[in-house]
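Novice: Please see the structure below; I have some questions.
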Amino acid sequence: MIEEMAVDELMAHRPDEQVVTSGEHSAPTEADVQLRVLVSMVTADVLEKCGPLMSCSSRRTISLIQRLTNETLAGLPDGLVPNMRKCKEVRKAVVKRLQQRYGLWLTFVLSAPHRTEEAFIVECLQTELNTHLAEGPSSSRQEILGYVCSFSALLLLGLGCVITFIVFNILVL
C-alpha cells in the first residue's frame with residue numbers, strides 16, 4: 001500500500017518549507033529534505049509493520065503519516081545526519097517499543113490513534129532517530145576494513161580446509 005502512495009503526497013504538507021530570516025525566504029537544505037524523507041519512510045514502515053494501514057483509507061493514512069512526521073521533525077535536534085541505511089534499524093526499535101507498550105492491542109490502537117498514542121509514537125520515533133542518526137554516517141574506510149577482515153577470515157578458513165583435505169588424502173593413500 002505504501003508503494004502506491006506518492007512521495008509528493010507525503011511531502012505535500014510541509015509547514016517548515018520556507019524559513020523566514022530577516023524578511024527573506026530560504027528553501028530548506030538538502031539535509032533537511034533528506035531527513036524529512038527518512039522520517040516519512042520510517043513512519044510509514046512502522047505503520048505498515050504494525051498493520052493498521054490495511055484498515056485505513058489512503059487519505060487517512062497519508063494524513064497520519066504527515067502529522068506524525070511533522071511532530072517528529074519538530075522535536076529533533078539540529079545536526080542529525082540522514083542515513084537511509086538506518087531505516088530498518090530505527091523501524092525495528094520503534095516497533096519493538098510499541099509492541100512492549102501495547103502488546104496485542106497494537107494494530108487496534110494505531111488504526112485510530114488518540115493524541116496520547118500519537119505522542120508516544122512521536123516520542124519513540126524521536127528517541128530512536130536520535131540514537132541511530134546521532135552516531136553519524138559510518139565511515140567507508142571502516143566498512144572496507146570490515147569487508148577485508150571478513151574476506152581474510154573466509155580465505156584462511158578455505159585454505160585450512162584445502163590443507164586438511166590434502167593431508168587427509170596423503171595419509172589415507
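Novice: Check which residues have an amide H placed less than 5 Å from V81's amide H, if you skip close sequence neighbours.
Specialist: Those lying under 5 Å, H to H, from V81 are G136.
Novice: Let me ask something else about it. Which FRET efficiency, nearest 0.05, do T131 and V37 yield, Cβ-Cβ r, R0 25 Å?
Specialist: Efficiency, from the Cβ-Cβ distance: 0.85.
Novice: Give me the number: length gained by fully extending S63 to L76, i.e. 0.36 nm times residue separation minus the C-alpha to C-alpha distance, one decimal in nm.
Specialist: Going from the current span to full extension adds 2.7 nm.
Novice: Subtracting the Cα-Cα distance from 0.36 nm times the residue separation, let me have the gained length for T29 to L104 in nm, one decimal.
Specialist: Computed gain between T29 and L104 is 22.9 nm.
Since every read-out is calculated from the coordinates, none of them should be taken as a lab result. Not measured: the values here are computed from a predicted model. Neighbour counts are summed over all protein chains in view; Cβ atoms, including those assigned to glycine, are modelled from backbone coordinates with ideal geometry.
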